[in-house]
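Engineer: Please read through the structure below; I'll follow up with questions.
The values are calculated or read from the model by the stated rules, or taken from the named source; none is laboratory data. Computed from a prediction, not measured in an experiment: that's the story for all the values here. Because the Cβ atoms are built from the backbone with ideal geometry, glycine has one as well, and the counts that use them run over all protein chains shown.
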Amino acid sequence: MRSNRFIYHLVWIIGAFLLMYSSSLTLDYLNRKVAVTYDATYAIWGMILIAFVSGMYLGVINGLPRRFKVNKSQLIIFIPSFLVLIYMIVPYYIEIPYYRFYLELTKHNEHFFLGVISGMTFITGFFDKNANK
């Protein structure tokens, strides 16, 4: 049983390196696209999705989810962090209040941290790794 856990974590760390590499390539591509089209939403959507997927990947570090089960305590973290995360992209489509205040709070890429929190609590809040319970 210990060797299976070791192999899982070894595969997980290799996947983490591949995720970092592909995320870097994706962000480079999106930044080039922004330079050509002058549309910043490409880079913002890319950062949001990469942060969310990275958080989801971090959520499976202790094992793959086996069944759907809502964990209400994790949803208390997921819902606000996800809403604050998408608050960054919404003003490109509709007018919202306090956007300048939000930009001041997240001017040093704190939204990436929110994306990781959102992705991780999405996995742990909606899925259970124990199939027996």
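Engineer: In the set 117, 123, which member is buried (at least 17 other Cβ atoms within 10 Å of the Cβ), touching a Pro at 6+ places or on another chain (Cβ under 8 Å) and under 30 Å from residue 4 (Cα atoms)?
Structural biologist: Among 117, 123, only 123 is buried (at least 17 other Cβ atoms within 10 Å of the Cβ), touching a Pro at 6+ places or on another chain (Cβ under 8 Å) and under 30 Å from residue 4 (Cα atoms).
Engineer: Across the range 62-83, which residue is modelled with the lowest pLDDT among those that are surrounded by fewer than 18 Cβ atoms within 10 Å (Cβ to Cβ) and within 14 Å of the chain's Cα centre (by Cα)?
Structural biologist: Taking the candidates together, the pick is 83.
Engineer: Of the residues 93, 29, 21, 38, only one is exposed (fewer than 14 other Cβ atoms within 10 Å of the Cβ) and either on the phi > 0 side of the Ramachandran plot or in contact with a strand residue (DSSP E or B) (Cβ under 6 Å, 6 or more places away or on another chain) (or both); which? Before you say what the answer is, go through the steps one by one.
Structural biologist: On the way: 93 fails: either on the phi > 0 side of the Ramachandran plot or in contact with a strand residue (DSSP E or B) (Cβ under 6 Å, 6 or more places away or on another chain) (or both); 29 fails: either on the phi > 0 side of the Ramachandran plot or in contact with a strand residue (DSSP E or B) (Cβ under 6 Å, 6 or more places away or on another chain) (or both); 21 fails: either on the phi > 0 side of the Ramachandran plot or in contact with a strand residue (DSSP E or B) (Cβ under 6 Å, 6 or more places away or on another chain) (or both).
Criteria check complete, one pass: 38.
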